[in-house]
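Colleague: So that we are looking at the same thing, I have put the structure below in structure tokens.
The values are calculated or read from the model by the stated rules, or taken from the named source; none is laboratory data. On a predicted model such as this, the values are computed, not experimentally measured, just so you know. Because the Cβ atoms are built from the backbone with ideal geometry, glycine has one as well, and the counts that use them run over all protein chains shown.
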Amino acid sequence: MTWWEALILGIVQGLTEFFPVSSSGHLVIGQELLGLAIPGIVFDVVVHVATLISVLIVYRGTVARLIRGAFIRGEESTWPYILKIGLATIPAVIVGFTLRDWFEARFDDPIFAGTMILVTGCVVWSSRWALGTHRIGILELIPIAVAAILSLLAGTAIPFLAVLAMQSVLMFIARATTSQTGREKEPTFGGALIMGIAQAIAIFPGISRSGSTVVAALWRRIDPAAAAEFSFLMSIPVILGAAMLQVPDALRGGDPGVSLFALTVGFIGAAASGILAIRFFVALLKRQNFHIFAYYCWVAAGLFLLVVPTGV
């Protein structure tokens, strides 16, 4: 891997980790389009740690407040919020450990990843209905029908419909179990668990972690800015845990196939683009323009699925 390829993949990781378009799916597709077969997982670990740094930088004030509040009793204690983050982490830990080999095999299938990005587009599109800016109707469902047709042409209609059904059920549960008529200022324990389940589903390559968790929160009637903040904060233990699990494999892997300079460039690219992505993501949520990412997901994944079977 050259330094400029590392920079491209680093920027892709940073942007797509926080944009609702799936970082894992884009890394799989990016390597496919660049014709790269990177040995080992050192580069993957490095860019994921870089995105963790992005979260810590953007939310440094909140993280500092949570740490200080952990040593305070009474109303100013932050333990309830910390416990919610812990609760939201449990589903991903359970799914990650029990089905790790199965999920890792999916990362070797770019067609599957492209199909899951189509699902991500459908999930993000539903934010229009969750926010109440649009009503579900025939015209609103046409893009989802087109995405289904694309998955059929790619021969992956069954996984498309299966994962979309999982997401739809979770959204229904999120709305059905909320007692709020207005917006929640922060997730309740029930909301945290629902966002945690959405995060577990996002282990599929191509399913956006930020997209799934934030949309689930919007269906739960959680304030958009609060949903984004909790989503990014709950990514800290997941990203950190995944990186720690990969370190032993990275050390045993021998030659990483990437120079130290390329790793450094990839790290900087991922961290810098991650910071920009988080800020842009939150701004779009506040303006209720979050759904525009759906168009990108459908176009990018659709073109990829139509091209790859015939050879890139």
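Colleague: Can you pull out the residues in the stretch 76-103 that are more than 19 Å from the chain's Cα centre (by Cα), surrounded by 12 or more Cβ atoms within 10 Å (Cβ to Cβ) and not in a helix (DSSP H, G or I)?
Modeller: The answer is SER77, THR78.
Colleague: Among the small types (Gly, Ala, Ser), touching a residue at least 60 places away in the same chain (Cβ under 8 Å) and within 23 Å of TYR295 (Cβ to Cβ), is that true of ALA192? Steps first, please.
Modeller: Numbers: among the small types (Gly, Ala, Ser): yes; touching a residue at least 60 places away in the same chain (Cβ under 8 Å): yes; within 23 Å of TYR295 (Cβ to Cβ): no.
No; evaluated as a whole, the condition is false for this residue.
Colleague: Among the residues of the stretch 122-131, is any under 18 Å from the mean Cα position of the chain (by Cα), aromatic (Phe, Trp, Tyr) and under 23 Å from PHE281 (Cα atoms)? Walk me through how you get there before you give the answer.
Modeller: Step one: filter the stretch 122-131 for residues under 18 Å from the mean Cα position of the chain (by Cα), giving 122-127.
Retained after the next criterion (residues that are aromatic (Phe, Trp, Tyr)): 125.
With under 23 Å from PHE281 (Cα atoms) added as a condition, the list becomes 125.
Yes, some residue in the stretch 122-131 is under 18 Å from the mean Cα position of the chain (by Cα), aromatic (Phe, Trp, Tyr) and under 23 Å from PHE281 (Cα atoms).
Colleague: Could I ask something else about it? Out of ARG68, ARG73, I need the residue that is of a type in the set (D, E, K, R) and in a helix (DSSP H, G or I). Which one? Steps first, please.
Modeller: Details: ARG73 fails: in a helix (DSSP H, G or I).
Just a single option satisfies the conditions, and that option is ARG68.
Colleague: Can I ask one more? Do we find that SER179 is assigned to a loop (DSSP other than H, G, I, E, B) and hydroxyl-bearing (Ser, Thr, Tyr) in this structure? It would help to see each step written out before you state the result.
Modeller: Numbers: assigned to a loop (DSSP other than H, G, I, E, B): yes; hydroxyl-bearing (Ser, Thr, Tyr): yes.
Judged against the criteria, SER179 is a match.
Colleague: Among the residues of the stretch 256-287, write down those that are surrounded by fewer than 14 Cβ atoms within 10 Å (Cβ to Cβ) and over 17 Å from the mean Cα position of the chain (by Cα). Spell out how you get there, then give the answer.
Modeller: First, pick out the residues of the stretch 256-287 that are surrounded by fewer than 14 Cβ atoms within 10 Å (Cβ to Cβ): 259-261, 279-280, 283, 286-287.
Within the stretch 256-287, SER259, LEU260, PHE261, ALA283, LYS286, ARG287 meet the criteria.
Colleague: Next question. Would you kindly identify the helices (runs of 4 or more DSSP H) lying entirely within the stretch 200-312 that contain at least 3 residues that are at pLDDT 90 or above and farther than 20 Å from MET116 by Cβ? Steps first, please.
Modeller: Details: elements: 209-219, 224-233, 235-252, 260-286, 292-307.
The qualifying helices (runs of 4 or more DSSP H) are 224-233, 260-286.
Colleague: I need the full set of residues from the stretch 67-89 which are among the aliphatic types (A, V, I, L, M) and touching a Leu at 6+ places or on another chain (Cβ under 8 Å), in order please.
Modeller: Kept after step one, since they are among the aliphatic types (A, V, I, L, M), are these residues of the stretch 67-89: 67, 70, 72, 82-83, 85, 87-88.
Selection gives ILE82, ILE85, LEU87, ALA88.
Colleague: Identify all residues within the stretch 187-196 that are crowded, with 24+ Cβ neighbours inside 10 Å and either in a helix (DSSP H, G or I) or of a type in the set (Phe, Trp, Tyr) (or both); write none if there are none. Spell out how you get there, then give the answer.
Modeller: Residues of the stretch 187-196 crowded, with 24+ Cβ neighbours inside 10 Å: 187, 191-192, 194-196.
Within the stretch 187-196, GLY191, ALA192, ILE194, MET195, GLY196 meet the criteria.
Colleague: Tell me, which residue of the stretch 152-173 that is among the small types (Gly, Ala, Ser) and closer than 22 Å to ALA217 by Cα is surrounded by the most Cβ atoms within 10 Å (Cβ to Cβ)? Steps first, answer last, please.
Modeller: Taking the stretch 152-173 first, the residues among the small types (Gly, Ala, Ser) are 154-155, 157, 162, 165, 168.
Those left that are additionally closer than 22 Å to ALA217 by Cα: 162, 165, 168.
Details: ALA162: 10, ALA165: 11, SER168: 13.
Residue satisfying both the conditions and the ranking: SER168.
Colleague: Considering every residue within the stretch 113-134, establish whether at least one is closer than 28 Å to LEU245 by Cα and small (Gly, Ala, Ser).
Modeller: yes
Colleague: Kindly check whether there is at least one residue in the stretch 34-48 that is within 16 Å of the chain's Cα centre (by Cα), modelled with pLDDT of 80 or more and closer than 28 Å to VAL258 by Cβ.
Modeller: Looking for residues that are within 16 Å of the chain's Cα centre (by Cα), modelled with pLDDT of 80 or more and closer than 28 Å to VAL258 by Cβ, one finds at least one in the stretch 34-48, hence yes.
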